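Computed from the coordinates by the stated procedures, all read-outs in this text should not be read as laboratory data. All values reported here derive from a predicted model rather than from experimental measurement. Positions of Cβ are generated from backbone atoms using ideal geometry, with glycine treated the same way; all protein chains shown enter the neighbour counts.
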């Protein structure tokens with residue numbers, strides 16, 4: 001009898017150990033939504049990416065407390081960050097940015113390649129385990145806090161001062177690579193043997209991060225500067241795809257197209273997210289809506305420090321049909337990872353706790369709709385908007401309408417909607433509060449709604465009950 005009990009216990013222990021050894025299945029990464037590829041899907045839910053994030057140095061600056069930073073984003077209801085990896089960082093004071101997270105002291109810069117014993121140069125043939133450990137911990141913390149990471153693999157060297165610091169520069173590596181002009185680094189034919197290093201870096205990063213679902217790969221920041229070629233960008237996208245070909249899931253790839261707007265000709269079929277910078281007014285969304293892919297505005301700034309500038313840019317871009325918005329937020333610094341830095345007047349952009357709250361309201365507003373059933377609408381609002389004011393609308397005809405207007409103090413917009421019982425709710429994007437809520441029995445034809453008084457801008461949710 002004891003033998004039977006003993007063998008039974010062994011069998012149970014064996015089963016338990018076998019179950020413990022089973023790998024935890026990887027969650028499906030963020031992807032384009034199956035019903036409407038102008039939007040994302042994540043964790044089984046339709047998703048927008050909206051944030052106001054630090055200046056891209058969260059991983060490469062070892063002194064930045066990214067746990068506090070990510071908690072702050074989550075607290076504000078924001079769900080995205082963008083960060084750089086690779087051979088680019090900035091000297092202190094670049095672009096008049098105070099306490100720039102992307103500008104660690106040169107001796108502190110953390111990158112994929114190990115330093116020589118005297119800490120003066122890099123070996124481009126050897127990985128720095130400290131970098132990859134920090135990168136994966138950052139990704140893990142971002143996942144815990146519901147934050148999607150757009151990982152930017154490269155950045156052009158705008159000026160000689162950035163090139164002078166780069167490990168790609170032959171002055172800074174022991175491998176004799178990169179004895180070239182800064183404008184040749186991201187090319188296929190003039191790269192001074194750096195292409196093989198760049199390919200290896202992409203394969204390494206993609207391999208290391210294969211199990212993180214909260215990840216989008218961006219090929220290059222602002223490739224329309226500094227000599228970055230389209231051929232090089234396409235090549236890097238293929239390296240990502242080839243590395244992932246045997247993985248159970250594939251990650252989205254994004255491409256930065258232009259400042260402002262541009263009609264995209266011959267889009268790269270491997271790219272799912274087409275990003276623009278300073279995309280206001282948001283004409284680039286309509287220009288490229290036919291691509292049936294996400295259009296994003298993933299860097300703002302250089303228009304002063306007022307919250308209203310970037311709040312309005314976010315609302316108009318998302319209500320025009322965009323799915324990604326990232327304000328470049330200078331209130332996040334090494335000493336203020338909670339986003340409370342009081343930056344000087346010379347700073348080229350803004351970012352405040354109040355703005356982040358306003359952006360959180362925008363995200364909640366759009367996600368309160370079945371927004372994957374909606375599309376940009378320029379025909380339903382037929383009048384009642386004074387000359388000089390701007391309005392944007394997303395709608396599912398006859399069912400749900402999201403309306404946003406900039407300017408004025410009170411308006412009476414006219415909407416052509418079918419008969420039905422509707423619920424209307426006016427929101428104040430500036431003060432993050434509901435201004436009015438009412439039920440309407442509409443007989444069909446023109447529906448005129450008189451807004452409450454407001455300052456700067458106003459939004460309306462109109463739903464068929």
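With each label point set 7 Å from Cα along the Cα-Cβ vector, what nm distance links residue 283 and residue 335? Using points 7 Å along Cα→Cβ, the separation is 4.3 nm.
Which percentage, to the nearest 5, of the DSSP beta bridges contained in region 203-303 is antiparallel?
0 percent
Between residue 158 and residue 130, the distance separating the two model label sites (each 7 Å from Cα on the Cα→Cβ line) works out to 2.8 nm. Annotation: extensible slack from residue 409 through residue 63 equals 120.0 nm (criterion: 0.36 nm per residue apart, minus Cα-Cα distance). The angle between the Cα long axis of helix 129-144 and the main principal axis of the chain comes to about 30°, on a 0 to 90 degree scale. Counted over region 212-297 with a bin width of 10 Å, the fraction of Cα pairs per bin, in whole percents, is 17, 49, 29, 5, 0.
Just so you know, the Rg over Rh for region 149-235 is 0.97, from Cα atoms, with Rh as the Kirkwood radius.
Working from Cα positions, state the angle (0 to 90°, nearest 10) between the long axis of helix 2-21 and the longest principal axis of the chain. The angle comes out near 70 degrees.
Pairs of Cα atoms in region 377-464 fall into 5 Å distance bins, from 0 up to the last occupied one, in shares of 3, 15, 29, 28, 18, 8, 1 percent. Taking label points 7 Å from Cα along the Cα-to-Cβ direction, residue 190 and residue 270 give a separation of 2.3 nm.
Residues 145, 55, 251, 290, ranked from the fewest to the most other C-beta atoms within 10 Å, line up as 290, 145, 251, 55.
Taking packing as the residue-averaged number of other Cβ atoms within 10 angstrom, the listed peptides 392-402, 443-453 run from highest to lowest as 392-402, 443-453. Exposure proxy shown here: for 208, 54, the number of other Cβ atoms within 10 Å sets the order, fewest to most, as 208, 54.
Taking Cα pairs under 8 Å and at least six residues apart, what relative contact order does region 313-465 come out at, in percent? After rounding, I find 21 percent.
Subtracting the Cα-Cα distance from 0.36 nm times the residue separation, let me have the gained length for residue 35 to residue 306 in nm, one decimal.
Here the segment from residue 35 to residue 306 would lengthen by 93.9 nm.
The angle between the Cα long axis of helix 66-75 and the longest principal axis of the Cα atoms of the chain comes to about 20 degrees, rounded to the nearest 10. Label point of residue 378 set 7 angstrom out along Cα-Cβ; within region 389-403, amide nitrogens under 13 Å from it belong to 391-393. With the cut-off at under 19 Å, measuring from each backbone N in region 201-240 to a point 7 Å along the Cα-to-Cβ line of residue 246 picks out 201-212, 238-240.
Across region 131-231, the relative contact order, built from alpha-carbon pairs under 8 Å that are at least six residues apart, equals 41 percent. Averaged over residues, the count of other Cβ atoms within 10 Å places the peptides 68-76, 324-332 in the sequence 324-332, 68-76, highest first. Size descriptors for region 102-163: radius of gyration and Dmax over Cα atoms are 14.0, 40 Å.
Got a sec? How would 374, 161 order by Cβ neighbour count within 10 Å, fewest to most?
Ordered by Cβ neighbours within 10 Å, fewest first: 161, 374.
Across the chain, the mean sequence separation of Cα contacts (distance under 8 Å, 6 or more residues apart), normalised by length, yields a relative contact order of 14 percent. From the largest down, the chain spans 81, 76, 44 angstrom on the principal axes of its Cα atoms.
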